[in-house]
Amino acid sequence: QVQLVESGGGLVQAGGSLRLSCVVSGRTSMRATGWLRQATGNEREFVAALSWLGDQTYYSDSVKGRFTISRDSAKNTVYLQMNNLKPEDTAVYHCALARPHYTGERRDEYEYWGQGTQVTVSS
């Protein structure tokens, strides 16, 4: 059974940084891991993805250059380092596992989801 548990959200001022963590357990072979977010009243949107081998990363245009996705395989943990945060980054951030062999660049490629962690950026 696949489980994803996020942590690290919180309240931060614009320009600040946060690092989100996601502990992943279960069968993850051939699956990309990603972060998606959902702001109040909006649809869930893709933020970043890391290939199963860890050799490719993908980012949405809105976070490129500010956010970095990475992984510590020994800890089964995927991270999202978020720098230069903006008020429009405010959302619930979900860690997710894509279907096998998908890159994880699209929301509909994901099969398993964590419960989410709230990120609030004040202006």
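Label-point separation (nm) for S25 and D108, each offset 7 Å from Cα along Cα-to-Cβ?
That separation, rounded to one decimal, is 3.3 nm.
Any idea what diffusion coefficient the chain gets from Stokes-Einstein, in µm²/s, Kirkwood Rh on alpha carbon pairs, 25 °C, 0.890 mPa s?
Result for D is 174 µm²/s.
Please list, in order along region 63-75, the HN-Hα scalar couplings obtained from phi with the Karplus expression 6.51 cos²θ - 1.76 cosθ + 1.60 (θ = phi - 60°), rounded to whole Hz, x for Gly and Pro.
10, 4, x, 10, 10, 9, 9, 8, 9, 10, 5, 5, 9
Using the Karplus curve 6.51 cos²θ - 1.76 cosθ + 1.60 with θ = phi - 60°, work out ³J(HN,Hα) for each residue of region 3-20 in order, rounded to whole Hz, and write x for Gly and Pro.
Running phi through 6.51 cos²θ - 1.76 cosθ + 1.60 with θ = phi - 60° gives 9, 10, 10, 8, 7, x, x, x, 9, 9, 7, 3, x, x, 10, 9, 10, 8 Hz.
Nearest 0.05, what FRET efficiency do S62 and S7 give at R0 = 22 Å with Cβ-Cβ as r?
Result of the calculation: an efficiency of 0.45.
Enumerate the amide H contacts of E111 below 5 Å, restricted to partners 5 or more residues apart or on another chain; note that Pro and chain-start residues carry no placed amide H.
Placed amide hydrogens put L97, A98, R99 under 5 Å from E111.
In Å², what does the accessible area per residue of the chain work out to with a 1.4 Å probe?
53
Take peptides 38-45, 87-94, 108-115, 9-16 and line them up by average Cβ neighbours within 10 Å, highest first, as a rough protection proxy.
Answer by packing, highest mean first, reads 87-94, 108-115, 9-16, 38-45.
Over what distance in Å are the Cα centres of region 12-74 and region 87-123 separated?
If you average the Cα positions of each part, the centres end up 7 Å apart.
Does a label point 7 Å from the Cα of A39, set along Cα-to-beta-carbon, have any residues of region 76-97 with amide nitrogen under 14 Å, and which are they?
Correct set: 85-93.
Whose amide H sits under 5 Å from the amide H of T90, counting only residues 5 or more places off or on another chain, with H placed in the peptide plane?
Sorted by chain and number, the residues that satisfy this are V121.
Over region 8-121, with every protein chain in place, what whole percent of the accessible area is carbon and sulfur at 1.4 Å, could you tell me?
On region 8-121, the fraction of accessible area on carbon and sulfur atoms equals 45 percent.
Roughly what % antiparallel, to the nearest 5, for the DSSP beta bridges in the chain?
90
Multiply the residue separation of E88 and S122 by 0.36 nm, subtract the distance between their alpha-carbon atoms, and state the gained length in nm to one decimal.
11.3 nm
The values are calculated or read from the model by the stated rules, or taken from the named source; none is laboratory data. Keep in mind that what you see is a predicted model, and the values were worked out from it rather than measured. Please note: Cβ atoms are built from the backbone with ideal geometry, for glycine as well, and neighbour counts cover all protein chains shown. For the accessible areas, the whole protein counts, side chains as well, though only heavy atoms, and no ligand, DNA or RNA atoms are used. Shrake-Rupley method; radii C 1.70, N 1.55, O 1.52, S 1.80 Å.
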